[in-house]
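Every number in this text was worked out from the coordinates using simple rules, so none of it is lab data. Owing to the predicted nature of the structure, the values given are computational and were not obtained by experimental measurement. Because the Cβ atoms are built from the backbone with ideal geometry, glycine has one as well, and the counts that use them run over all protein chains shown.
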Amino acid sequence: MELLDLIEGRRFMGREFVVWLWFESEMQETNLHPTGADPVSMWLEAQITLVLEKEESRLKGAIPASSPEAKEALRQGKLPKEAKMRLVHGEREYAWTLKADSLALSGLKLPTQLKKNDEKHEVFYERMMLLEDLETSLSALYADFVRLRLADPWDDEIVPLMKNWAHGEKADAGAYLATKRAVLGEKRKRKK
Amino acid sequence: MGPTLGALRGSLTFSRFYVTGDIPDDVPGTTLKRIRANAFQPLSPDDEKNEGAGWASIEDPFVTDLDHEKVFYNEYVCLGLRLDRWVIPGPLLKAHLRDAEQALLAKRGLERLGRQAKAELKTMVVRKLRRQLVPSLKSYDVVWNLRTNVLHLYSQSERISALLDDLFKRTFKVDLVPESPGTAADRLGLDAKEARAMAGLEPTILARLEEEAR
């Protein structure tokens, strides 16, 4: 694919990634296991903006993604353009806003231990180490999403489950996890 | 002054880029000369251009005499993308222009000025006013991780991204690919089947079609 098409023609994948993270987080009660990275807890919080063309729903609250309005927006065909997120990796806790169309992070708060008066290079290295720690988790989650999104079961098995979830019906978490394991496990085997 | 939040302090807001192309094995040993050649140069009131950009120290945008210690932090290349701009308030320019025009008309005994004379007068007034002002200064942190070849620009402005693209390519002779959902997927190393699926991908719709709802 040409670079321009890869960038502009595939922006929708970012919105689908956020909705998949949201679904994944609810299916697994926030305990995510990205392939090749440590397990993390992750959820959407505080604010989410869903859009369909020029129509926009901006929802705020403790966990707006679990509000009926958020699922209603999904049922109307809207997808998240921007969402506040929190991720916990061991003792480290990160919070930021993800812009879906570019995968860019805003207002990222790092769990730094050093203070601004500490040696400036050490402060910088700590910040970069924490940033890389978060990005490792996010990259692994994005890789899992892409593998699932490009596999045959996405349309046949996963999307129907996500529709059930969006419509407030029972989404079979066991069936979803089995499909996910099959796709990602197969990829791992092929890589070996 | 530029933004106070970035790589060194505060919360982080950034765009990511992948550095690709012919990346030298020894970036610190081979690029310092070109970084120095592209360091920020102060604007002059007589310049035709209204703004100028170049590299500065990530820690202090006023430091533009860059050396190894100011740029290379272990595996990181750290720079400030400094952008200075002449900003003359519109009403101030208008008032000075009116006074200068009236003075010139009186001096030449004319009733009105031609287009070219007006343009020349404006250039002269702008230069005069610039001498009484200091350019606005902004600096954006840029951090290139040489181990992963991922670069963080601490701005999400398209204009600043375009400035970085130009300055970075000119300095390092490599390519910068902006991260996006598509480029991030492509970077995973898709197999042939996945690449075909990617090329034909259509957006997922979670709304139910009428026949599904029945």
### Summary
Across 5 Å bins beginning at 0, the whole-percent shares of Cα-Cα pair distances in region B:90-131 come to 5, 24, 33, 23, 11, 3
## Note on the structure
If B:D60, A:D172 are placed from fewest to most neighbouring beta carbons inside 10 Å, the sequence is B:D60, A:D172
### Query
Helix B:90-108 sits at what angle to the longest principal axis of chain B, using alpha carbons and giving 0 to 90 degrees rounded to 10?
30 degrees
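Using 25 Å as the Cα-Cα cut-off, could you pick out the over-long pairs in B:K122/B:K169; B:K128/B:K169; A:K99/B:K70; B:K107/B:K128? Each step should come with its number before you reach the end.
On the way: B:K122/B:K169 35 Å; B:K128/B:K169 35 Å; A:K99/B:K70 32 Å; B:K107/B:K128 19 Å.
Pairs exceeding 25 Å: B:K122/B:K169; B:K128/B:K169; A:K99/B:K70.
Would you mind ranking B:R34, B:R16 so that the residue whose beta carbon has the fewest other beta carbons within 10 Å leads the list?
Numbers: B:R34 13, B:R16 19.
Lowest count first: B:R34, B:R16.
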## Note on the structure
Expressed in angstrom, Rg and Dmax over the Cα atoms of the protein assembly as shown are 26.1, 91
#### Entry: Extension gain, A:E122 back to A:E55 (0.36 nm per residue minus Cα-Cα distance, nm)
19.5 nm
### Task
Could you run the Karplus curve 6.51 cos²θ - 1.76 cosθ + 1.60 with θ = phi - 60° over region B:10-26 and give me ³J(HN,Hα) per residue in whole Hz, x for Gly and Pro?
x, 6, 10, 10, 7, 10, 10, 9, 9, 8, 10, x, 8, 7, x, 5, 10
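Computed FRET efficiency, Cβ-Cβ of A:S106 and B:R131, R0 30 Å: what is it to the nearest 0.05? Intermediate results must be reported in sequence, preceding the final value.
Values: r = 39 Å, r/R0 = 1.30.
FRET efficiency, A:S106 to B:R131: 0.15.
How large is the translational diffusion coefficient of region A:3-191 in µm² per second when you combine the Kirkwood radius over alpha carbon pairs with Stokes-Einstein at 20 °C and 1.002 mPa s?
Values: Rh = 17.6 Å.
Rounded, D is 122 µm²/s.
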### Message
Run the simple label-point estimate for B:R85 and B:E59 please: 7 Å along Cα→C-beta, distance reported in nm.
### Response
2.9 nm
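Provide the gained length on full extension for the span B:S44 to B:T123, in nm with one decimal, where the gain is 0.36 nm per separating residue minus the Cα-Cα distance.
On the way: separation 79, 0.36 × 79 = 28.44 nm, distance 1.35 nm.
Difference between extended and current length: 27.1 nm.
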### Task
Among the lysines, select those whose C-alpha is under 16 Å from the C-alpha of B:K173, and discard any that sit fewer than 8 residues away in the same chain.
B:K33
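Which order do A:H121, A:H33 fall in if you start with the one that has the fewest other Cβ atoms within 10 Å? Numbers along the way, then the final one.
Details: A:H121 10, A:H33 16.
So the residues, fewest neighbours to most, are A:H121, A:H33.
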### Query
Each label point is 7 Å from the Cα along the Cα-to-Cβ direction; what then is the distance between the points at A:E2 and B:D191, in nm?
3.0 nm
### Query
With contacts defined as alpha carbon pairs under 8 Å and 6 or more residues apart, what's the relative contact order of chain A in percent?
18 percent
### In degrees, nearest ten, helix B:158-172 long axis to first principal axis of chain B (Cα)
80 degrees
### Query
Roughly how many whole Å is it from the C-alpha centroid of region B:108-143 to that of region B:157-183?
31 Å
### Message
Rounding to the nearest 10 and keeping the result within 0 to 90°, find how far the Cα-based axis of helix A:173-191 lies from the longest principal axis of chain A.
### Response
70 degrees
### Task
Starting from the amide H of A:E82, placed 1.01 Å from N in the peptide plane, find each other amide H under 5 Å away whose residue is 5 or more places distant or on another chain.
A:T49, A:A100
### Projected label distance in nm at A:E72 and B:D165, using a 7 Å step from Cα toward the beta-carbon
4.1 nm
